[in-house]
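Below is one structure, written out as structure tokens, with a few remarks after it.
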Amino acid sequence: MPELPEVETVRRTLQQLIVGKTIDHVTVKLPRIVQKPDDPHLFAAWLEGRTVRSVERRGKFLRLVMDGIVLVSHLRMEGRYGLYRQDEPIENHTHVIFHFTDGTELRYKDVRQFGTMHLFLPGEEWQSPPLNKLGLEPLDDSFTIEAFRTALGKRTTKIKPLLLNQEVIVGLGNIYVDEALHMAGIHPETPANEIAKNKRDLLHGSIVETLSSAVNAGGSSIKSYVNGQGEMGFFQHSLKAYGRTGEPCHSCGSPIEKSVVGGRGTHVCPKCQKPPRAVKAQRSLSKTNKRGNTVKNRLDGKNR
């Protein structure tokens, strides 16, 4: 968190708020947020006098395009931007402040302190980390069914961890992977190469529809997300799987179940998202072993 819809919402908000503003100076209160250059004084010096021309996005990264320089920013877990007047009190955990010549300030706040900022000459950002190894952009025209099929290829990786891999498809996090897989009726533990062609195509459409709907709703305000104006998103009210453990599936009424897949909490409908054969066999074996252990324990109790 935030994922693509939340970052896109922040981008649209900042596009309205800061484009055309010129930076007078920059205050860096937590140097480790600044990754390139790693000297916060040099970082601030490079930004002085720059005018913001556009705010763009690549995956979960923001790109603030200025005169002769590009700032690449990752919000990580809880990073957020807000525009303030210079006389407004500075909140705790505000780590970087961009002071504009018109008396306003763009402030970066990050309670968890995981966010990052990189500066590049225009065009160089595509050749270096963190943008150089990013995968398909799911809301771009280039995200075709053919491109999606190629990205999945013959991989044997479980589909959920594969979709979370930013080198395959960018912007998808835990919330929207669960939602897209639920919409497509695909179990998250299904190996990618075992998904039928029609199901793959359905998943492609589900990813686009889920993300587009979330962007239109301003993202999902789960935990602490707000946009650049302090406003919450509303897509959490439309979630069909994520965070609905024990609640009835909107399609069939079966209780949504929660498990762990690839180290991430995962929400599925056991009826609409049938598990693959290997998972069924493993569960069957687990039940058999459990019954066997129960019988053994009973016999051991009688023999004592």
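Go over the candidates 88, 78 one by one and state the one that is surrounded by fewer than 17 Cβ atoms within 10 Å (Cβ to Cβ) and out of contact with any Pro (no Cβ under 6 Å at 6 or more places or on another chain). Working first, answer last.
On the way: 78 fails: surrounded by fewer than 17 Cβ atoms within 10 Å (Cβ to Cβ).
Going through 88, 78 in turn, the sole match is 88.
Can we say residue 28 is closer than 30 Å to residue 169 by Cβ and hydrophobic (A, V, I, L, M, F, W, C)? For residue 28, the condition - closer than 30 Å to residue 169 by Cβ and hydrophobic (A, V, I, L, M, F, W, C) - is not met. The number of residues in the stretch 52-80 being small (Gly, Ala, Ser), under 22 Å from residue 139 (Cβ atoms) and part of a loop (DSSP other than H, G, I, E, B) comes to 2.
Quick one: would you say residue 160 is among the basic types (Lys, Arg) and touching a residue at least 60 places away in the same chain (Cβ under 8 Å)?
Numbers: among the basic types (Lys, Arg): yes; touching a residue at least 60 places away in the same chain (Cβ under 8 Å): yes.
For residue 160, the condition - among the basic types (Lys, Arg) and touching a residue at least 60 places away in the same chain (Cβ under 8 Å) - is met.
Scanning the stretch 1-51 for residues being exposed (fewer than 15 other Cβ atoms within 10 Å of the Cβ) and assigned to a helix (DSSP H, G or I) gives a total of 6. With the structure loaded, tell me whether residue 79 is on the phi > 0 side of the Ramachandran plot and within 22 Å of the chain's Cα centre (by Cα) or whether it fails that test. Spelling it out, it is not the case that residue 79 is on the phi > 0 side of the Ramachandran plot and within 22 Å of the chain's Cα centre (by Cα).
Among the residues of the stretch 90-109, some residue qualifies, meaning at least one is under 19 Å from the mean Cα position of the chain (by Cα) and charged (D, E, K, R). Checked against the criterion of being surrounded by 12 or more Cβ atoms within 10 Å (Cβ to Cβ), in contact (Cβ under 8 Å) with a residue 24 or more places away in the chain, within 26 Å of residue 265 (Cα to Cα) and under 14 Å from the mean Cα position of the chain (by Cα), the stretch 119-134 has at least one qualifying residue.
For every residue, the table says whether it meets (1) modelled with pLDDT of 60 or more; (2) assigned by TED's automatic domain parsing to the domain that holds residue 213; (3) assigned to a helix (DSSP H, G or I).
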{"residue": "233", "(1), (2), (3)": "no, yes, no"}
{"residue": "236", "(1), (2), (3)": "no, yes, yes"}
{"residue": "245", "(1), (2), (3)": "yes, yes, no"}
{"residue": "258", "(1), (2), (3)": "yes, yes, no"}
{"residue": "282", "(1), (2), (3)": "yes, no, yes"}
{"residue": "289", "(1), (2), (3)": "yes, no, yes"}
{"residue": "295", "(1), (2), (3)": "no, no, yes"}
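In the stretch 176-191, is there at least one residue being of a type in the set (S, T, N, Q), surrounded by 15 or more Cβ atoms within 10 Å (Cβ to Cβ), modelled with pLDDT of 95 or more and in contact with a Pro (Cβ under 9 Å, 6 or more places away or on another chain)? Scanning the stretch 176-191 turns up at least one residue that is of a type in the set (S, T, N, Q), surrounded by 15 or more Cβ atoms within 10 Å (Cβ to Cβ), modelled with pLDDT of 95 or more and in contact with a Pro (Cβ under 9 Å, 6 or more places away or on another chain). Number of residues in the stretch 14-65 that are touching a residue at least 40 places away in the same chain (Cβ under 8 Å) and of a type outside the set (S, T, N, Q) equals 30.
All conditions but one from (1) under 25 Å from residue 262 (Cα atoms); (2) loosely packed, with under 14 Cβ neighbours inside 10 Å; (3) in contact with a strand residue (DSSP E or B) (Cβ under 6 Å, 6 or more places away or on another chain) apply to residue 149; the one that does not is (3).
The values are calculated or read from the model by the stated rules, or taken from the named source; none is laboratory data. Note that the coordinates shown come from a computational prediction; the quantities given were computed from them, not determined experimentally. Positions of Cβ are generated from backbone atoms using ideal geometry, with glycine treated the same way; all protein chains shown enter the neighbour counts.
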